[in-house]
Each structure stands twice: as C-alpha cells, then as structure tokens.
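Everything below concerns the one structure shown next.
Taken together, the values in this text are just the output of simple stated rules run on the coordinates, not laboratory data. These figures come from a predicted structure and were not determined experimentally. Cβ: placed from backbone, ideal geometry, glycine included. Neighbour counts: every protein chain shown.
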C-alpha cells in the first residue's frame, strides 16, 4: 500500500499538535502516535509558541480557535522563521476570512471538523510528501538509494534498514544538502532536551556513513557536517 | 325660532301699547286740565269784556252828550243867535250858524243834522238832513237833555240845548241829531267789537235792525232770542253777544244794543290748544313708539343676531359633530387597517425572526455539534487505525466506545435543549433569571468559544422574572449574537461579553456589556428598528434586536435601553 508507505515517512518525525478541546486532542494524539515518532500536544497558541522555542518539529497540526492566541496567528509567527515546515489546519471554521489568512500562510491542508479517516490520512500524506520533496527515493552521492518511507538504503539488491535516529539524521542532512549543519542543530533536532556527548553524534555519524557510504557525509571542521548530493 | 320671534314681537307690541296707553291717559288728563283752564279764562275774560263794553258805551254816551250840548250852548251864546231866536228869524240863524256847522260836520261824519226849534218846538231852520218838524218833549224840559228816539222810521240820538233869554224864559232849542252808529263806531274803535242796535217799531212792535245791510248782523242775529252771553255760532264765526238796554227818551223809545264779539279766536285758541296738545301727543306717541320700537328692534336684532350666531354655532357644532363622527369612523377604520397591517407586519417579522433565530440556532447547533462530531470522528478514525494495525486492545475499544457514547449523549442533550427552547410556552410563568441566562449560555457557549469570545456571567441577585422564559432567553440570545457578530466582524481576538444580573431599587436589571467598540448609529435607538442592520447581509437580517425589543417590552413588561459606555455597547434590560 503506497499510502502506508508514504505515511511511513513520518515514522521518525516529530509533530506538534495544538487543540484546546481535550476530548478531540487525546483521540487525535492517539491517531498521530500511530504514524509519528513523537507527538507533542498543546492546548493553546501560547503553548505552541513556547514549544516551538524549545524543540524543532517536522510537522504542525493546529486548530484555529484556541485561547490566548489562535492557530493562524501562531502559524504567522512561525512562518517568519520557518517557511518550509508543513502545516495542517484542523478547524471548525469554514469562514472565508480564515481561509484567506490560511492561504497566505502556505498551509498544506485545511481540514474542517469533523473530518473522516480518508481526508485526515490524505492530509498527513500530503504533508509527509512535502517533507521529502515529493520523492520517496533519493539517490545519494555514493550511488545508493534512500527510501524515505521504508527508511532503508538500497545498494543494488541489498537493503540496509536505518534506525530512527539514523534516518532522522540522514533526512535532516538531505533536507539541508550541500549546507553545513552544526552540532547544535543536530543535538536539538535529534536529542532535544537530553544533552548527549559529542561521542554520541560521532557514533551516529559513523553508523550512517557505514550504511550509506562514508563519502556522502563530510566533516566540516569545528562546525559540524555536510551532505553532498 | 319663529315662535320666539312672534313672542318677542308680541312683547314689543304689548309694551308699546301699554306705554302709549299711559301716554294717552296722561295726555288726556293734561289736555282736559288745559281745556278747563282756557275755558275758565275765556269765561272770565268775557265777563270782564261785558263790563268793559258797558263802560265804554256809557262813557261814549256821556262824552258825546256833553260835547254836543256844550256846542249847542256855545252856538246859543253866539252873537245874534238869541236875537234871531227871539225874532224867529230863520235866515239869521242859518247865516250865523253856518260856519259852526261846517266845522262840526267835519268833526263827525255821523252827525246827521243841526237843527233850530222855536220855543214851541217847531222847526225853524236846520243843517244836514231834515229832522222832525216838532221837537219831542219841548214843553216839559227846561234843562238840556239827550236821548234816543224813533222817528221817520229811524232811531236817532239827540242832544238838546235850551236857549233862554235874560229872564230865563225858553226862547228856542238847538238840537244835534247823531246817527247811533256813531256809538257802534266808537265801540268798535275802542274795543274792536261789532255792535248792532235793535229797536222796536212803535207800531208793529217788530224788531227792526238798524243796519239792514249788515249781512253779518242779519245772519247772526236774525231776530232770534238773543240772550246775554249766550254764544252764537254761525257760519261766519262764533259770536259772544253782549246786550245793553239802551234808554230811550221815553219808554216807547227803548232799544237794545247788541254787541257781538267775535270769539272765534277763543275757539281757535282752544282748538289750537287742543290741536297742539294732540299734535304734541301724537308726536310724543310717535317718538315714544319709534324709540320703543327702535329699542325693541335693536334688542330683537341683537337677540336675532345672537340667536343666529347661536344657531350658526349650533349648526357648526352639529356639522362638526357629524364630521367628527365621520372623521372618527375614518380614523378608526384607518387605525384598524394600520393595526391589521402592523399586525401582519409584526407577524411577518416574528416569522422572519423565528426563521432567523432558527437559522442562528442551527448555526449554534452546528457549533455545538462540531466538537462532539469531531471527537466521534477522531474516535472512529483511531479505532479503525488501531484495528488495522492489530493494536486495538479490548480496553482501548471499551474506553473509546464509552467515550463515543458520552459524546452521542451530549449531542442528544444539545438537541433537546434547542428543541425545548423552540417549544414556546403558552402561559407566562415565573423563572429565575439564572435559568434564562443558563439557557443562553448553554446554547451559545460553543459558538462563542469557537469564535474565541469570552462570556462572563455574574448573577448578583437571582431574581424571578414573570414572563415567557424561552422568549426572554431568545431576547438575550439576540443581544449576545449581535455582540458576537460585531466582535467577529471587527476581527477582534479578545472579545468579551459580560452579563450581569442584579436588583436596584426594586428593579430587576440585566446588563449586557461587550467590548466591540460601541454602536456607531445615530440615533442609537435606530438599531431597534426592523430591517436595520449594520452587518453584512450574510450575517444580519436586521430583525434580531427589533424582536428583542418587542419580546421584552411588549410580551414581558420589560424595557430595553442601549448606550455606548467605555469600550463597547451596553444593553440594559429592566423588568
């Protein structure tokens, strides 16, 4: 099932979900947890902003109508820093005003409550594809092919499975291909609050290099790493 | 009206008649008194006149006799007269006396003759008309005398002067003969009274009028019995006769002098007086009648005028009444029509309002349901996904099923709430203000929350309201919806609506305050007019607040006011 495959992209991803209605929130969190590596749920716009300061996320799913700060306002602020992160809106509002504002904010999908399973999953797929730039497979410098959904590297006939951290790290580098990525960025993205030792990063890089070919990831001295494509 | 006029006229006539009658009586009395006065005066004057006439007659007689007797003596004593008498010399007497005759004759035209008689009484000579040949009483008298006597069918007055010689022997007589008319003339001259002499013929004893050609006398006297002072009325006039018995020279020669005083002027005076009185009376009567008539006419006119005015105003009043009735009828019809129209309009409005509020309610239901529906769909999605992955444990399924049931129950309750709300109660009842506000809250909370509008309810005094609770809730909902719409329209993110219920001076007050910047309508009460809306066509029908006012003020004995205070509009509902 291709859809399942696509949604597998999300299996190593972190999502921030904002919904003020607890009854809905818990159920949606239950659903999201099936697809994401990590689901963080908050109850209002302010918490959204706090959370965004603390961690980096791969996807955002917001309700519009929330106390303190509505979803659209939160998204507007987020978009000032991050233009790419896919955002899905789950809203009871169908008013045009909201839609106009949403369009300006480059929303991936605008879902109106209540939504059905197909619509919901389709939205997730769209967002997942956006994360990977619409290609499930990417050919690395070493000639091997990385598959986002299965999180495997294909060397000819041999498929090597990457762990969650490995795939997260690789996809993070692929997204910033030909750019140097600092150690801090990597810490924040992979480990969040726990401060791992430099060794942890090194061993992670080592494992990934082993699986995709060492020439793919270069050391940038004193700063971090860079993936060349 | 005619009757009244007639009555007035009869009063007028009566009054005039009465006044005139009094006038007539008074006039008659005065007239009578005057008449008596005049008559008395006339009587008195007539009596005095008679005395006067007698006096004049006597004096004239005396004077005349003295005059002519003296003349006679003067003639006797003249030169040669006595001698001639003695000689019976007629020529001498004639010649000697002729100058005297010429003088005397000129003095008195009534002097008939101047005669000389001898001592035997035989006529010697004469001047003038021829007298009797013999002098009457010549022998008896030695003294001069005078008197009337008849002769030659006429009555004459004689004066006789006796001529005597030295021995006092009678030698002759000198006589003057005077026409008695002389006396009449004298009296006429002195008193302006006509006099007539009647004497009786010595033979026939018939009355002879001395002045035969005097028509007046003839006509007047006509030999009838003439009594002293008995008024004679003829066609020539009215005469008062005075009769004097003339003394003749002897009894045979007695006669009567009749004076006829024309008393027509008395009569005339009397008549004039009567006439004057009559004329004065008539003039007075006429004037009085005129004045009274005029006065009455004036009064009547005035009465008529006021009557006319009264009638006119009565008519006008009647007209006015009629017009008024017609007007009132028309007005009532118009009013009824308007009322019907208004009722129809009201009905339509109410219907529209009902539709609108139903639309709104459906919107509210949608809000209310969106949440549980979303939750349900989420539950279903998660169950399905968990099942697909074989992760659906019994516990999870049970928990989720329970959760779903709760949501379904919640939705069912919501529907009940709305349905209750729309089943309007037929009778007024007491309900707590908190009940009405709770209703509102229940129905609107989801909608407000979805629009991020805070609703703060503060019930300081939970008083009772007597009315239709659902209607009151409806009115409150309209106020809240209005506030909500304005907040949304302005894109406000911190909309707050505050409801406050409290008692103040026994007044039950509910206040709705928002912070949407107030109502920019002037006059502000215009927002209560039907079809008035500041909102976009999609959200406002323009009857919400109108229905609110109608519900509160007409159906529930309340009052609603609106004003801008601070940051927003404040609706005050007073029960």
Residue A:219 versus residue B:63, label points 7 Å from Cα toward the beta carbon: distance in nm? 21.0
Global form of segment B:1-102, assessed from the alpha-carbon gyration tensor, a/c cut-off 1.5: prolate
Acute angle (nearest 10 degrees) that the helix B:433-450 long axis makes with the longest principal axis of chain B, alpha-carbon atoms: 60
Could you tell me which of rounded, prolate or oblate describes segment B:428-574, using a ≥ b ≥ c as the square roots of the eigenvalues of the alpha-carbon gyration tensor, with rounded for a/c under 1.5 and, failing that, prolate when a/b is larger than b/c and oblate otherwise? prolate
Once both labels are modelled 7 Å past Cα along the beta-carbon direction, what's the residue B:44-residue A:183 spacing in nm? 18.2
Per q in 0.07 Å⁻¹, report the Debye log10 I(q)/I(0) for chain B, using one uniform scatterer on each alpha carbon and no solvent. -0.74
Measure nothing fancy, just the Cα-based angle from helix B:2-76's long axis to the longest principal axis of chain B, in degrees from 0 to 90, nearest 10. 20
Quickly rank B:317-329, B:175-187, B:56-68 as a protection proxy: mean count of other C-beta atoms within 10 Å, highest first. B:175-187, B:56-68, B:317-329
Across peptide B:446-455, how many C-beta atoms of other chains are within 10 Å of each residue C-beta, on average? 3
Shielding by partners - mean other protein chain Cβ count within 10 Å, residues of B:401-408: 1
Using a 10 angstrom cutoff on alpha carbons, build the Gaussian network for chain A and name the most mobile of A:83, A:141, A:164. A:83
Mind checking the full-extension length gain between residue B:490 and residue B:10? Use 0.36 nm per residue of separation minus the Cα-Cα distance, one decimal, nm. 163.3 nm
Tell me, what does the Kirkwood hydrodynamic radius of the protein assembly as shown come to in angstroms if you use every pair of distinct C-alpha atoms? 43.0
So how far, in whole Å, is the C-alpha centre of segment A:40-118 from the one of segment B:379-404? 27
Below 8 Å between Cα atoms, with a sequence gap of 6+, how large is the relative contact order for chain B in percent? 8
For segment B:51-122: relative contact order, % (alpha-carbon pairs under 8 angstrom, 6 or more apart): 20
Between helix A:117-132 and chain A, what is the angle of the helix's C-alpha long axis to the longest principal axis, kept within 0 to 90° and rounded to the nearest 10? 40
Calculate the spin-label point distance for residue A:160 paired with residue B:274, positioning each point 7 Å from the Cα along the beta-carbon direction, and give it in nanometres. 18.4
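Kirkwood Rh over alpha-carbon pairs of segment A:16-155, then Stokes-Einstein at 20 °C and 1.002 mPa s: what D in µm² s⁻¹, rounded to an integer?
Translational diffusion coefficient: 135 µm²/s.
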On a full-extension model of 0.36 nm per residue, what is the gain between residue B:297 and residue B:28, subtracting their alpha-carbon distance, rounded to one decimal in nm? 94.0 nm
If you average the sequence gap of Cα pairs under 8 Å that are 6 or more apart and divide by the length of segment B:428-574, what percent do you get for the contact order? 24
Peptide B:367-377: average number of partner chain Cβ atoms within 10 Å per residue? 6
Here FRET efficiency (C-beta to C-beta, residue B:256 to residue B:288, R₀ 56 Å, nearest 0.05) is 0.55
